[in-house]
1. Quick check: pseudo-label points 7 Å beyond the Cα along Cα→Cβ at Ser29 and Ile70, how many nm apart are they?
2. How big is D for the chain, in µm² s⁻¹ as a whole number, if Stokes-Einstein is applied with the Kirkwood radius of its Cα pairs at 4 °C and 1.567 mPa s?
3. Need the list of lysines near Lys113 for cross-linking: C-alpha distance under 17 angstrom, and skip anything on the same chain fewer than eight residues off.
4. Could you put Met1, Met49, Met86 in order, starting from the residue whose Cβ has the fewest other Cβ atoms within 10 Å?
5. In region 55-74, which residues have a backbone nitrogen under 12 Å from the label point lying 7 Å from Lys2's Cα in the Cα-to-Cβ direction?
6. Taking neighbour Cβ counts within 10 Å as the exposure measure, how do Val56, Val19, Val109, Val74 sort from fewest upward?
7. Local charge sum around Ile13 (other residues, Cβ-Cβ under 15 Å, Lys/Arg +1, Asp/Glu -1)?
8. Order these by the 10 Å Cβ neighbour count, fewest first: Ser8, Ser65.
Amino acid sequence: MKTWKLVSGILSIILFVVVTFQSCAAGISNTLQENGEVGGSAGVLVAIMLLAGGIVSIATRNKESKGANIAIIVLFGIGAAAGFAMAGSYKDLIIWAVWCLINAVLALVEIIKSKKSE
């Protein structure tokens, strides 16, 4: 799991840049269309959670504690929930929410796996 935390952390930080730019474009589009959607704002929230989760993943990749994995679950879980709930016409946000969900589930699997090994 150490390798997965490193890889997912690096990918999450890279995706932060992509999601931020896409979210800004979606936010401008929502504003110009005056459609009342909040997909752009939700995208910025997901991007922040990707950055924070990626940093925590990299920083705690060698730790065996549950606290690090719980932090990853919370950060990526908030990102996934926001992405799924507020995507609207910004359909790419669902893809980024799925990435957050995958990371949260794998952190949960690591917690369960560490309980069984004890």
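1. 3.9 nm
2. D = 91 µm²/s.
3. Lys2, Lys5, Lys63, Lys66
4. With the sparsest Cβ surroundings first, the list reads Met1, Met86, Met49.
5. Label zone hits: 61-64.
6. Numbers: Val56 21, Val19 28, Val109 13, Val74 16.
So the residues, fewest neighbours to most, are Val109, Val74, Val56, Val19.
7. Working: positive: Lys5, Arg61; negative: none.
Summing Lys and Arg as +1 and Asp and Glu as -1 gives +2.
8. Ser65, Ser8
Every read-out reported here was derived from the displayed coordinates using simple, explicitly stated rules and does not represent laboratory data. It should be emphasised that the depicted structure is a prediction, and the values quoted were computed from it without experimental measurement. Please note: Cβ atoms are built from the backbone with ideal geometry, for glycine as well, and neighbour counts cover all protein chains shown.
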